[in-house]
Structure formats: structure tokens, C-alpha cells
Amino acid sequence: MASPNRDFGGLSAFRFLEPGGRFVGVADTGFWFFGRLEHDTDGRPSGIADFTMQQMVDARGRVMGDKGRTDAEGLAVRDGIATVTFERQHRVSEFRLDPSDMKSPIGDIGFVIPARELRNNRGLETIAHAPRGGPLAGARVVVAEKSLDKNGNIFAAIIEGPGKGLFTVVRRGEFDITDGAFLPNGDLLLLERSYAISRGVGMRLRRIPGRDVRKGAVADGEILLEVGMTHQIDNMEALDVWRRADGELMVSLMSDDNHSILQRNLYLEFILHDE
């Protein structure tokens, strides 16, 4: 994905507003973005239409401005409310969803994880709604990127509802968590990223069983996919899950180019088999 507009890039999270079609996202430079994914006759992604961006504004309606306040990393959408997680100035904010005019946040909500445990640039990277019919009753769940407890596990929390409470996710190797989404059965699919000068960028998908997303748990799960620079990936930061018209469960990913000429904004699609 490319654009001549200098604001395009830094894509941190997105959610489909309709399966495989209209979407909303946030960039870590303090922008909302909206668009519509297009597919060819074989069902493969072929382009993006109706793409727009607009700057986030604060409670007074002013453009948020500096990086410390605008570092949007995670996004969840339900019932006309967009919930955004921010790093650096750690917070979880709710906004009314209006693609033509995204206004000030409605307010901030608690995120259970003690703020002192969140690292400056390794904070709340993921927020996702659990299925309404599951044990978490549709609660929002947050997961940090690389804020670790004394055992080296990643802080996470169910931030509302009957299961509200803190849990952790096992950190496997040098991978950090960049996004996540719940599968229809209640499992949590996590997108993870690694980077080293010697080997470049890595990407991984890990599936956390839904029974382990609970207060007090130390969650881990099966690695579904792990790839490196021999594949067409980049700094993969954003993930969503949706059902295709033929019944296939799809996993969509976007990358964050960090506004660098050495990186790309990519959109990738996978079919999740044996869901």
C-alpha cells in the first residue's frame, strides 16, 4: 500500500466494519484511517478504495500533536464505539465512531494493569472484544507489547465484566506482541514480531486457548505460523479476523512502515484452516 500523501503510514491497528470490506484503523502518529478493501474474482485482495485519514483530537477538540500523546497502538470496535489504546502516555480511550468526523474521546477507561508496570514504548499494544456468548461475556481484553512481570511474562488483563482481572502471556523467544483478535470459538489469536540486525524482521501468529484467558492465568498457546525475511513480510503490527462469504475464516494483517523509506505498508490475507 502506498500514497503520495506524507501522512500515510505508521498503521498500527485496524478492524473491519463489514467482513473483508469497510475498515477503520489508527496510526501511531495520531491519525484515524478509513477505507474499503477490494477483492478480485478469485477472492484475492486487489486494492483499497475510499481511503481517508483524519487527525485525532483531544477532549478540547484540539489536534493531539506530540508523539507522547498520539501513539495509538490498539483498536477495538463494537456498537458504534471505537476503543483505542495508547502507549507512552498510557491510556485506553473511547470514541464514537463517525468516519466523516471523528470527534473528541468520550472518556478514558481503566485497564487493570498497574500503570507503573507499563514500559514507555512497550505498553498496551492490543485490545480486543471477546465473543459475547463466551465466558467473558464480550469483555475487552488488553495485552502489552513487552511490559514484563518478574517472571518475564507479558502483562495482560480483562478490563471489564465478570472475569475482570490481571493475567499474563508467556513470552516466547525474542518476539513481542503487536495485535490480537478473538476467534469465534473464544481463542485469542496474537500477532507477534521480532527484530534483529542480523536476521531482520520476523512475524509469528500464536493461538491462545480461550480457557486460558482468565484472571490469574499464565497463558500460552500453539504457534500457527512463523516466518522471516525470506517471505513477503515487514513490520507486521495490525490484525483482524473475519468470515468470508464462502465460510472460510480469514486472518488479515497490516504492517507499519514507521515512515521509513526502508520499510513498506503491506496488507496480507490468510485462511485459518481447522478453526
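Once a ≥ b ≥ c are taken as the square roots of the eigenvalues of the Cα gyration tensor of the chain, is the result rounded (a/c under 1.5), prolate (a/b larger than b/c) or oblate (a/b not larger than b/c)?
In terms of gyration-tensor shape, rounded.
If you take the beta carbon distance between residue 148 and residue 41 as r and set R0 to 51 Å, what does 1/(1 + (r/R0)^6) give as a FRET efficiency, to the nearest 0.05?
The pair residue 148/residue 41 has a calculated efficiency of 0.60.
Shape verdict for the range 157-275, please, from the Cα gyration tensor: rounded (a/c under 1.5), prolate (a/b greater than b/c) or oblate.
Verdict is oblate for the range 157-275.
Give, in nm to one decimal, the length gained when the segment between residue 218 and residue 248 is fully stretched (0.36 nm per residue of separation minus the Cα-Cα distance).
7.7 nm
Could you check how many percent of all C-alpha pairs in the range 8-114 are farther apart than 25 Å?
Within the range 8-114, distances greater than 25 Å cover 21 percent of Cα pairs.
May I ask you to compute the full-extension gain from residue 81 to residue 164, defined as 0.36 nm times their residue separation minus their alpha-carbon distance, rounded to one decimal in nm?
27.9 nm is the gain from fully extending residue 81 to residue 164.
For residue 227 and residue 274 in the same chain, what is the full-extension length gain: residue separation times 0.36 nm, less their Cα-Cα distance, in nm?
Result: 14.9 nm gained on full extension.
Percent relative contact order of the chain, based on C-alpha pairs within less than 8 angstrom and at least six residues apart?
For the chain, the relative contact order is 14 percent.
Compute the accessible area per residue over the range 141-275, keeping the other protein chains in place, probe 1.4 Å, unit Å².
Per residue, the range 141-275 has 44 Å² of solvent-accessible surface.
Collect residues whose amide H, placed 1.01 Å from N in the peptide plane, falls under 5 Å from the amide H of residue 74; neighbours closer than 5 in sequence don't count.
85
Relative contact order for the range 1-126: what is it in percent, counting Cα pairs under 8 Å that are at least 6 residues apart?
Normalised by residue count, the contact order of the range 1-126 is 18 percent.
Over the range 92-192, what percent of the accessible surface lies on carbon and sulfur atoms, probe 1.4 Å?
48 percent
The values are calculated or read from the model by the stated rules, or taken from the named source; none is laboratory data. Everything numeric in this text was worked out from a predicted model, so none of it was measured. For neighbour counting, all protein chains shown are included, and Cβ atoms are generated from backbone atoms with ideal geometry for every residue, glycine included. We work out accessible area using only protein heavy atoms, side chains counted, and drop any ligands, DNA or RNA first. Shrake-Rupley method; radii C 1.70, N 1.55, O 1.52, S 1.80 Å.
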